[in-house]
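Trainee: The structure follows.
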Amino acid sequence: MIPVGICTSSGTSGLPRTLLLCFSKAFDTVRHVALFEKLAQLEIPDEVFNWIKDFFKERTQRTRFAGEESDLTELLASIVQGSGIGPACYVVTAGDLKPLNDKNKLLKYADDTYLIVPAETTLTVAMNSSILKHGLKTII
């Protein structure tokens, strides 16, 4: 997961600051092995776990360009966008993304992530952005 942009709203008059994190190709970077490891830690029925594994099993792709076609390649990463299960699988993979400061809050839905920084915090938005970028690099 690599952030392509951070949009901020500065806290003034006691209002919290909000950082919107935009991830480049978030659904395309989810490794199936990592997803399955995290799903295995959840309390879901074996039938559901196996159904999800089967959903991702033996997915392939090929490229066509100028009348030429590549060989089929097995996909070991990527969540099918537009599928009903896609956002939930992404949320499971991003579930361990946490703010470094306990006073900050992280709100996530699918690949949208917001960092809420209370106005009374002494860190500036730039410092929070820097800490978050550093933290993301360690998560990758």
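Trainee: Taking amide H atoms as placed 1.01 Å from N in the peptide plane, list the residues 5 or more away in sequence, or in a different chain, whose amide H sits under 5 Å from that of residue 17.
Mentor: For residue 17, the qualifying residues are 11, 117, 119.
Trainee: Now, a different point. Report D for segment 22-99 in µm² per second (integer): Stokes-Einstein, Kirkwood Rh on Cα pairs, 25 °C, 0.890 mPa s.
Mentor: It diffuses with D of about 176 µm²/s by this estimate.
Trainee: Let me ask something else about it. What trypsin sites (Lys or Arg not before Pro) does segment 72-114 have in DSSP loop regions with at most 13 other beta carbons within 10 Å?
Mentor: Those satisfying the criteria are 103.
Trainee: Amide H neighbours of residue 113 under 5 Å, counting only residues 5+ apart in sequence or on other chains, H built in-plane at 1.01 Å?
Mentor: 21
Trainee: Turning to a different aspect of this structure: Report, in whole Å, the centroid distance computed from the Cα atoms of segment 59-121 and segment 27-49.
Mentor: 13 Å
Trainee: What percent does the relative contact order of segment 19-95 come to when contacts are Cα pairs within less than 8 Å and at least six residues apart?
Mentor: RCO, segment 19-95: 41 percent.
Trainee: Just by accessible area at a 1.4 angstrom probe, what is the order of 53, 38 from largest to smallest? Kindly include the intermediate steps, with their values, before the conclusion.
Mentor: Details: 53 85, 38 55 Å².
In descending accessible area the options line up as 53, 38.
Trainee: Kindly flag which residue pairs out of 38/105; 25/108; 25/98; 53/103; 57/98 have an alpha-carbon separation exceeding 27 Å in this structure.
Mentor: Those over the limit are 53/103; 57/98.
Trainee: Probe radius 1.4 Å, ligands and nucleic acids left out: which of 31, 62, 17 has the largest accessible area, and how do the rest follow?
Mentor: Values: 31 145, 62 100, 17 30 Å².
Sorted descending by solvent-accessible area, the residues read 31, 62, 17.
The values are calculated or read from the model by the stated rules, or taken from the named source; none is laboratory data. This structure is a prediction, so every number in the text was calculated from the model and none was measured. Positions of Cβ are backbone-derived with ideal geometry, glycine not excepted, and every protein chain shown enters the neighbour counts. These area figures cover heavy atoms from the full protein model, side chains too; ligands, DNA and RNA do not enter into them. Shrake-Rupley method; radii C 1.70, N 1.55, O 1.52, S 1.80 Å.
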